[in-house]
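Chemist: Dropping the structure in here first, questions after.
The values are calculated or read from the model by the stated rules, or taken from the named source; none is laboratory data. Owing to the predicted nature of the structure, the values given are computational and were not obtained by experimental measurement. Every residue, glycine as well, gets a Cβ built from its backbone with ideal geometry; the counts of neighbours run over all protein chains shown.
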Amino acid sequence: MENIQGLLDQAPDLIMTYGLKIVYAIVIFIIGKYIANVMKKLSFKMMDSRKVDPTVSSFVSNILWGLVFVFTIIATLGQLGIQTASLVAVIGAAGLAVGLALQGSLSNFAAGVLMVMFRPCRVGDYVEAAGTAGIVDEITIFSTKLRTPDNKVIIAPNSAMMDGTIVNYSTMGQRRVDLVIGVSYDADIAQTKAILAKVVEENQYVLKEPGYTIGLSELADSSVNFVVRPWVNTPDYWGAYFELLEQIKNALDAAGIGIPYPQMDLHVKELAQAS
C-alpha cells in the first residue's frame with residue numbers, strides 16, 4: 001500500500017515531466033512536417049518562377065521534403081529522451097543492411113538522379129521506354145509516371161527507363177509522316193504522283209518547309225508502292241496522319257485509280273472422264 005501511495009504521490013510530477021515531453025515531441029513533429037510541406041511548395045514555386053524545368057523542380061522539392069522530414073523525426077525522438085547519436089549509428093548500420101537488400105530501389109534512385117541531370121525526357125514529353133509509351137506526367141525519386149493516349153497510368157521504374165532505349169517524340173518541334181500508298185499496276189505513275197502531291201500541298205497540317213518527298217519505292221507482288229513523306233508540327237502528327245490517308249483514298253477513287261488488296265484467283269480444270 002505504501003508503494004502504491006508513493007506512486008500516486010509522484011504521479012503529478014511524472015505527468016508534468018513526461019507529459020510535457022510527449023506534448024513537445026508531438027508539437028515538434030507537427031511543426032516539422034508542416035515546415036517540410038511548406039519548403040517543398042516554396043522551392044517548387046521558386047524554381048518554377050525562374051523557368052526551371054518541371055522535372056528538376058519536382059525532383060529537388062521531393063528530396064528537400066525528405067531531408068526536412070528525417071530531421072524532424074530525429075528532433076522528435078531527441079525530445080522524448082532517446083539518444084539520437086546512438087540512434088543515428090544504429091540507423092546507419094541498419095541502412096547498410098537495408099541498402100544491400102534494396103539494391104533495386106537504390107538503382108532506381110541513382111537512375112532518377114541521372115534522369116534529372118541529363119534529362120532524356122521531361123514532363124509533358126511523349127516517350128517510348130521500358131516497354132511502354134506515354135506522356136511523362138512526373139519523374140519521382142524511384143519511378144516515372146506515364147499516361148497513355150487512352151488515359152491509363154503506368155508507373156515505370158527509373159532503372160528500367162535508363163537501362164533501355166528512350167525514344168522521345170516531343171524533343172523536336174517537327175516530325176515526318178511516313179506513308180506507303182499502293183496502287184494497281186494499271187495506274188499511270190505520273191498521274192498518281194501528281195494526285196499525291198496535290199493532296200499533300202493542300203493539307204492543312206503539312207509544312208511548306210522543309211518540303212515533302214513523293215517517290216516510287218517498290219514494285220510489289222500486287223501493287224506499285226509510293227512513299228509519301230511530308231513534315232508537320234509534332235503536336236499535329238496524328239491529325240495529319242489520319243487526314244492524309246482519308247484524303248489520298250478519296251482522291252485516288254475520284255481519279256479511277258485502284259488500290260489493290262490481297263486476293264486469290266482459283267482456277268478449276270475439268271479432267272476428261274475415262275471412257
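Chemist: Could we say that L196 is closer than 30 Å to D125 by Cα and part of a helix (DSSP H, G or I) here? So that I can check it myself, show each step before the final result.
Modeler: On the way: closer than 30 Å to D125 by Cα: no; part of a helix (DSSP H, G or I): yes.
It is false that L196 is closer than 30 Å to D125 by Cα and part of a helix (DSSP H, G or I).
Chemist: From the list A110, A93, A97, which one is modelled with pLDDT of 65 or more, more than 30 Å from S170 (Cβ to Cβ) and either part of a helix (DSSP H, G or I) or among the β-branched types (V, I, T) (or both)?
Modeler: Of the residues listed, the single one that is modelled with pLDDT of 65 or more, more than 30 Å from S170 (Cβ to Cβ) and either part of a helix (DSSP H, G or I) or among the β-branched types (V, I, T) (or both) is A93.
Chemist: Hey, another quick one. Within the set of pairs 6 or more residues apart or between chains, which connect a residue that is at positive phi and without any contact (Cβ under 8 Å) to a residue 60 or more places away in the chain inside the range 114-130 to a residue that is surrounded by 16 or more Cβ atoms within 10 Å (Cβ to Cβ) and in a strand (DSSP E or B) with Cβ atoms less than 9 Å apart?
Modeler: Going by the 9 Å Cβ cut-off, the qualifying pairs are A130/T144; A130/L146; A130/I154; A130/A156; A130/P157.
Chemist: Kindly establish whether I257 is in contact with a strand residue (DSSP E or B) (Cβ under 6 Å, 6 or more places away or on another chain) and assigned to a loop (DSSP other than H, G, I, E, B). Walk me through it before giving the result.
Modeler: Details: in contact with a strand residue (DSSP E or B) (Cβ under 6 Å, 6 or more places away or on another chain): yes; assigned to a loop (DSSP other than H, G, I, E, B): yes.
When the stated conditions are applied, I257 passes them.
Chemist: So which pairs qualify, if the first residue must be in the range 20-47 and modelled with pLDDT under 85, the second must be not in a helix (DSSP H, G or I), the Cβ gap must be under 8 Å, and the two must be at least 6 apart or on different chains?
Modeler: K21/L80; K21/G81; I22/L80; A25/L80
Chemist: Moving on. State the number of residues belonging to the range 181-234 that are under 14 Å from I248 (Cβ atoms) and among the acidic types (D, E).
Modeler: Residues that pass the stated criteria total 2.
Chemist: What about N233, is it over 15 Å from I259 (Cβ atoms), in contact (Cβ under 8 Å) with a residue 40 or more places away in the chain and surrounded by fewer than 20 Cβ atoms within 10 Å (Cβ to Cβ)? Can you show your working first?
Modeler: Values: over 15 Å from I259 (Cβ atoms): yes; in contact (Cβ under 8 Å) with a residue 40 or more places away in the chain: yes; surrounded by fewer than 20 Cβ atoms within 10 Å (Cβ to Cβ): yes.
Here the answer is yes, as N233 does meet what is asked.
Chemist: Let me ask you something else. Being in a loop (DSSP other than H, G, I, E, B) and either over 14 Å from A111 (Cα atoms) or more than 11 Å from the chain's Cα centre (by Cα) (or both) is the filter here; which residues of the range 152-171 pass it?
Modeler: Step one: filter the range 152-171 for residues in a loop (DSSP other than H, G, I, E, B), giving 152, 164-166, 169-171.
The answer is K152, G164, T165, Y169, S170, T171.
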